[in-house]
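The values are calculated or read from the model by the stated rules, or taken from the named source; none is laboratory data. In this text the structure is predicted, and so the values were computed from the model without any measurement. Cβ placement follows ideal geometry from the backbone for every residue including glycine, while neighbour counts extend to all protein chains displayed.
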Amino acid sequence: MKSGVILVFCLLCLSLSVSPSWGSDDRRQKWWKWPSTGKSICSSVVLPLYGNVYPQGFYYAQIHIGHPPRPYFLDPDTGSDLTWLQCDAPCVRCTQAPHPYYKPNNDLVPCKDPLCASLHSGDHRCDDEPDQCDYEVEYADGGSSLGVLINDVSLLNLTTGVRVVARLAIGCGYDQIPGPSYQPLDGVLGLGKGKTGIVSQLHSQGLIRNVVGHCFSSRGGGFLFFGDDIYDPSRIISTPMSRDYTKHYSPGYGEIIYGGKATGLKNLLVIFDSGSSYTYLSSKAYEGLLNKVTEELRGKPIQEALDDETLPFCWKGRRPFRSMRDVKMYFKPLALSFSSGWRSKTQFEIPLEGYLLISAKGSVCLGVLNGTEVGLQNFNVIGDISMQDKMVIYDNEKQTIGWTPANCDRPPRSDTMTI
């Protein structure tokens with residue numbers, strides 16, 4: 001949705017077979033591929049992340065697609081399913097991208113393919129173009145992508161040290177409308193729950209378990225992972241995914257806690273969304289939180305910085321703020337409390353760094369925005385700023401969302417046991 005640890009080493013669980021070499025010399029490099037058995041294996045894919053919440057305003061992953069493989073920078077988005085690249089095809093509207101546009105092949109996904117049907121709600125018909133799957137995806141910020149679904153291969157490294165060539169259905173986008181939060185990337189990496197999500201596709205081929213997670217560093221960068229073998233489940237705080245709202249990764253309804261005390265701001269439908277840089281609350285919850293923060297600041301040597309337009313609400317002190325240490329006496333930590341079962345609750349803790357930032361002008365700004373004003377209606381979105389320095393795990397097999405504090409500056413490697 002656009003509005004951007006423990007490594008357990010396991011033995012190879014299935015026999016290997018050789019796939020065609022992509023190198024010029026077969027003796028130098030072999031490329032391995034798992035046979036498609038429909039079974040999950042004990043391995044993961046780990047991708048480095050680049051970027052930051054501020055000042056860039058987005059994170060991105062690099063993924064290699066095509067034959068031969070070419071690199072592309074994609075926005076990792078748990079709020080949407082389809083992975084698409086801006087295509088080197090006759091464009092209606094082409095947006096700026098850091099790499100040459102993706103050159104499509106002729107391996108079109110037919111309209112009758114189940115993956116195509118999963119992209120269309122309601123009555124899916126194939127009368128006009130039976131041999132191809134047209135798609136259109138729209139994002140919460142008003143942006144969209146229009147194109148055709150094709151099959152291509154992606155080069156991925158497993159944590160077991162094995163390199164795989166996975167066949168994926170991706171979007172060849174030839175008409176993009178950028179929303180206000182658009183960033184100049186090559187496309188979107190869809191990490192959602194649907195069948196076209198990259199994790200679902202890799203899982204259906206028996207490469208990984210149906211688990212995706214990320215670790216955003218507050219210092220910039222981090223890592224993204226598919227599969228479940230890079231963390232210790234005993235260290236994870238988790239809550240069930242909502243059974244009533246299944247379109248996105250949602251723990252259901254939550255309550256805002258400020259400074260360890262209940263605020264009365266509850267029954268908030270919450271979504272975890274890595275495609276959103278900031279956290280968004282519906283109007284009533286946003287105004288309520290802003291009132292709590294303003295009340296806490298009353299009588300302290302800090303005032304609203306009307307000349308700082310970094311975010312809607314910024315405050316300045318007697319001297320410019322340089323770090324969160326300078327503002328910890330003025331603000332209190334946040335948390336979201338979720339019901340995890342009968343009389344059981346879990347808390348997603350949000351420290352100062354998880355909802356505040358220091359601007360270039362030395363002000364401290366509120367990284368929580370009014371979601372109703374940007375078209376999110378009554379949804380409350382936990383964005384990247386509030387997930388920094390945490391490993392966040394979306395386990396589609398256990399139907400849970402989990403998290404734990406983590407050093408996101410050190411991604412796991414295939415030849416190490418722990419980080």
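Say we look at the range 370-381 and pick out the residues that are in a strand (DSSP E or B) and crowded, with 23+ Cβ neighbours inside 10 Å; which of these is nearest to the chain's Cα centre (by Cα)?
This residue is Val381.
Condition first: modelled with pLDDT of 95 or more, surrounded by fewer than 21 Cβ atoms within 10 Å (Cβ to Cβ) and more than 17 Å from the chain's Cα centre (by Cα). Can you find one or more residues in the range 169-185 that meet it?
No; the residues of the range 169-185 include none that is modelled with pLDDT of 95 or more, surrounded by fewer than 21 Cβ atoms within 10 Å (Cβ to Cβ) and more than 17 Å from the chain's Cα centre (by Cα).
Can you tell me which of Asp395, Asp384, Asp307, Asp326 is surrounded by fewer than 21 Cβ atoms within 10 Å (Cβ to Cβ), within 21 Å of the chain's Cα centre (by Cα), at pLDDT 95 or above and assigned by TED's automatic domain parsing to the domain that holds Ser238?
Going through Asp395, Asp384, Asp307, Asp326 in turn, just one is surrounded by fewer than 21 Cβ atoms within 10 Å (Cβ to Cβ), within 21 Å of the chain's Cα centre (by Cα), at pLDDT 95 or above and assigned by TED's automatic domain parsing to the domain that holds Ser238: Asp395.
What is the one condition in (1) of a type outside the set (Gly, Ala, Ser); (2) surrounded by 24 or more Cβ atoms within 10 Å (Cβ to Cβ); (3) within 17 Å of the chain's Cα centre (by Cα) that Thr159 does not satisfy?
In the conditions (1) of a type outside the set (Gly, Ala, Ser); (2) surrounded by 24 or more Cβ atoms within 10 Å (Cβ to Cβ); (3) within 17 Å of the chain's Cα centre (by Cα), Thr159 misses (3) alone.
Give just the number: which of (1) surrounded by 22 or more Cβ atoms within 10 Å (Cβ to Cβ); (2) over 15 Å from the mean Cα position of the chain (by Cα) does Pro233 not satisfy?
Of (1) surrounded by 22 or more Cβ atoms within 10 Å (Cβ to Cβ); (2) over 15 Å from the mean Cα position of the chain (by Cα), only one is false for Pro233: (1).
Residues in the range 114-129: is at least one hydroxyl-bearing (Ser, Thr, Tyr) and surrounded by 14 or more Cβ atoms within 10 Å (Cβ to Cβ)?
Checked the range 114-129: at least one residue is hydroxyl-bearing (Ser, Thr, Tyr) and surrounded by 14 or more Cβ atoms within 10 Å (Cβ to Cβ).
Does Leu49 satisfy the criteria of being part of a strand (DSSP E or B) and closer than 30 Å to Glu309 by Cα?
Yes; evaluated as a whole, the condition is true for this residue.
How about the range 239-354: which strands (runs of 3 or more DSSP E) wholly inside it have at least 2 residues that are of a type outside the set (Ser, Thr, Tyr)?
In the range 239-354, the matching strands (runs of 3 or more DSSP E) lie at 252-258, 268-272, 314-316, 334-341, 344-350.
Based on what the data block shows, is Lys345 modelled with pLDDT of 95 or more and of a type in the set (Lys, Arg)?
When the stated conditions are applied, Lys345 does not pass them.
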